[in-house]
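Notes to accompany the following structure.
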């Protein structure tokens, strides 16, 4: 499955700390994705990407900022997303190439996920 | 990916309660698999299946029985394994057809999983 890619702009801030691609662990990645809000975040980043990185406000999620910060950090720590600090704001994209290399097909399952009804 | 199948014997006990195939939820299945011991169990059932159902003693896991019971129950509740009660013993197999139908490729990732080193 090929997801929309956006060229990497020049002069990006360094990524925040994250596991290298060969350090990714299936159990950790699955744990990070075992939550509807996180699946929503990753799916939206995969399917509706408009820029290289998106800040958490882009997702339109009605949750406290501290809760969102926690979820984005968990996704980054597991290696699912890459985050960069732009001034006061963190922005994210999915590590699609890394995840596809290590766990082929996993992101297609996330893309096909449907939020729970009600 | 095709895993070894074993014909269903006659006169099996009814399966213990489990979600129907159309009730399986990706977030729940990923959560149930986000643990090395559970990945070990599912991978061994997928790759080394010898009989229709296997009791937890077959896995050779050095953990208290109560802990194993908990992990097998979590896998069943998520829809990953089917369990049947044979007298005093519960035996399990992976719901490979159901999982492949709903989440194609997921079991191949489990089969390719390698336990953490050390």
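Throughout, read-outs are computed from the coordinates displayed, never taken from laboratory work. This one's a predicted model, so the numbers in the text were calculated from it and none came from an experiment. Positions of Cβ are backbone-derived with ideal geometry, glycine not excepted, and every protein chain shown enters the neighbour counts.
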Check your understanding: How high is the relative contact order of the stretch B:21-112, in percent, with contacts defined as C-alpha pairs under 8 Å that are six or more residues apart?
Key -> 36
Review point. Suppose R0 equals 35 Å; then what is the FRET efficiency for residue B:20 and residue B:112 from their Cβ-Cβ distance, rounded to the nearest 0.05?
Key: 0.80
Study note, to complete from the structure: homo-copy label distances at residue B:58 (7 angstrom along Cα-Cβ), nm, one dp, ascending, are 4.8
Point to revise | Shortest-first nm distances, residue B:73 label point to equivalent points in other copies (7 Å, Cα→Cβ) | key: 3.3
Review point. Which of B:13, B:36, B:64 moves the most in a Gaussian network model of chain B with Cα springs under 10 Å?
Key: B:64
Review point. Summing -39500 (n - 2.57) over the DSSP H runs of n ≥ 4 in chain A and dividing by its residue number, what mean residue ellipticity at 222 nm do you reach, to the nearest 500 deg cm²/dmol?
Key: -12000 deg cm²/dmol
Study note, to complete from the structure: Sorted shortest first, the nm distances from the residue A:11 label point (7 Å along Cα→Cβ) to its counterparts in the other copies are 7.9
Revision key, fill the gap. Under the rule rounded for a/c under 1.5, else prolate if a/b exceeds b/c, else oblate, using alpha carbon gyration tensor axes a ≥ b ≥ c, chain B is classed as rounded
Study note, to complete from the structure: The percentage of Cα-Cα pairs in the protein assembly as shown separated by more than 25 Å is 45
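Can you tell me what the convex hull of the Cα atoms of the stretch A:17-71 projects to on average, as an area in nm²?
On the way: hull surface 18.4 nm².
Mean projected area of the Cα convex hull: 4.6 nm².
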Point to revise | Nearest residue to the symmetry axis between B and A, taken on chain B by its Cβ, in whole Å | key: B:105, 2
Practice item. Provide the FRET efficiency to the nearest 0.05 for the residue B:47-residue A:67 pair, computing r from the beta carbons and using R0 = 41 Å. Key: 0.55
